[in-house]
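Asker: Can you keep this structure in mind? I'll have questions shortly.
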Amino acid sequence: DGIAHNCALNLKEGVQASCTDGLVETQPLATLVAIEPPPAFSGDSRFSFNRKDGNTDSSDLDFIVNAQWLQDQFRHQVELLAESETSDGDVVDERYEGNYQLNYDFNQRWFSYTRLGYEKDRFNAIDEQYEFGAGFGQRFTLGNQMNFDMQLGAAYLISHHPEDGSDNDLAGRWGFKMNWPVPGTKLTLFHHHELLWAMDDVNNNQTESSTGVKLPLMGNLFSELRYDYDYVSEPSDEQKHADEEWVIAIGYEW
């Protein structure tokens, strides 16, 4: 008993079954389909430390925090970075960076953004730089679970130079993020990069990129092996254009 025959289903706020034997049953749709929403607050932090003793005593320290929280159609994103390197007791590299980005999602794919950024580099031709930007972006996921986040916009840069004072530039901005949780494995491959170029001189540009693999350990802990590449077209007199680094990091995500 209790078996209905020849039923037609009507989906509205609930699921209504109209059957030839007179049985009519209504159930809330939420009881039949459970869709887990994304967490309102999420992020991760990564820490790496490397020390070398011998002919040259050196140490490298990297600390990165990424956080995101959702508020209706708005996505707030914060990025914090600190890097320091010493050699024979002298600081040879020191950089701090902070970014806040507010995204407005038109739908699942398209969004607009406004962005505020600050960077300080003691050993660069640009000692401090402020960024005020806006633009549009697109997010999508392929069938193999590879997901992309692409952004294109403009930025107003205020740069302070140690010896030449300050200048203001209008720049173009391109951002790209690819994350691929490899099917059948616990590995996640990723590549992130950002490019800024002066509107009046495309040869005046800055690039930051990070490419690597992420592996879960236990609980919310993970390990990460990545290759960081930074490029500045106009470095200080004692610095090179490019800075490359292999990093092994331990992270925590929430």
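Asker: Is at least one residue of region 84-95 closer than 22 Å to Ala155 by Cβ, surrounded by 15 or more Cβ atoms within 10 Å (Cβ to Cβ) and touching a residue at least 60 places away in the same chain (Cβ under 8 Å)?
Answerer: Scanning region 84-95, I find no residue that is closer than 22 Å to Ala155 by Cβ, surrounded by 15 or more Cβ atoms within 10 Å (Cβ to Cβ) and touching a residue at least 60 places away in the same chain (Cβ under 8 Å), so the answer is no.
Asker: Does Asp201 satisfy the condition of being open to solvent by less than 40 Å² (accessible area, probe 1.4 Å), acidic (Asp, Glu) and out of contact with any Asp or Glu (no Cβ under 7 Å at 6 or more places or on another chain)? Don't jump to the end; show me each part of the working.
Answerer: Details: open to solvent by less than 40 Å² (accessible area, probe 1.4 Å): no; acidic (Asp, Glu): yes; out of contact with any Asp or Glu (no Cβ under 7 Å at 6 or more places or on another chain): yes.
Taking the combined requirement at face value, the residue does not satisfy it.
Asker: Oh, and also: Would it be correct to say that His192 is open to solvent by 40 Å² or more (accessible area, probe 1.4 Å) and modelled with pLDDT of 95 or more?
Answerer: Numbers: open to solvent by 40 Å² or more (accessible area, probe 1.4 Å): yes; modelled with pLDDT of 95 or more: yes.
Criteria met by His192.
Asker: Here is a further query. Search region 66-83 for residues that are closer than 14 Å to Gly43 by Cα and pair each with any residue that is of a type in the set (Gly, Ala, Ser) and exposed (fewer than 14 other Cβ atoms within 10 Å of the Cβ) when their beta-carbon atoms are under 7 Å apart and the residues are at least 6 apart or on different chains.
Answerer: Note: pairs meeting the criteria are Gln68/Ser42; Trp69/Ala40; Leu70/Ala40.
Asker: Go through region 197-245 and report how many residues are modelled with pLDDT of 90 or more, farther than 26 Å from Asp167 by Cβ and in contact with a strand residue (DSSP E or B) (Cβ under 9 Å, 6 or more places away or on another chain).
Answerer: Total satisfying the criteria: 18.
Asker: Give Asp149, Asp121 a once-over and let me know the one that is open to solvent by less than 30 Å² (accessible area, probe 1.4 Å), touching a residue at least 24 places away in the same chain (Cβ under 8 Å), of a type outside the set (Gly, Ala, Ser) and under 24 Å from Glu253 (Cα atoms).
Answerer: Being open to solvent by less than 30 Å² (accessible area, probe 1.4 Å), touching a residue at least 24 places away in the same chain (Cβ under 8 Å), of a type outside the set (Gly, Ala, Ser) and under 24 Å from Glu253 (Cα atoms) holds for just one of Asp149, Asp121, which is Asp149.
Asker: Does Ser112 meet the test of being over 19 Å from the mean Cα position of the chain (by Cα) and open to solvent by less than 60 Å² (accessible area, probe 1.4 Å)?
Answerer: no
Asker: Right, something else. Within region 138-181, work out how many residues are in contact with an Asp or Glu (Cβ under 6 Å, 6 or more places away or on another chain) and not polar (S, T, N, Q).
Answerer: 7
The values are calculated or read from the model by the stated rules, or taken from the named source; none is laboratory data. Keep in mind that what you see is a predicted model, and the values were worked out from it rather than measured. With ideal geometry, Cβ positions are generated from the backbone for all residues, glycine too; neighbour counts draw on all protein chains shown. Accessible surface is based on the protein model in full, side chains and every heavy atom, while ligands, DNA and RNA are left aside. Shrake-Rupley method; radii C 1.70, N 1.55, O 1.52, S 1.80 Å.
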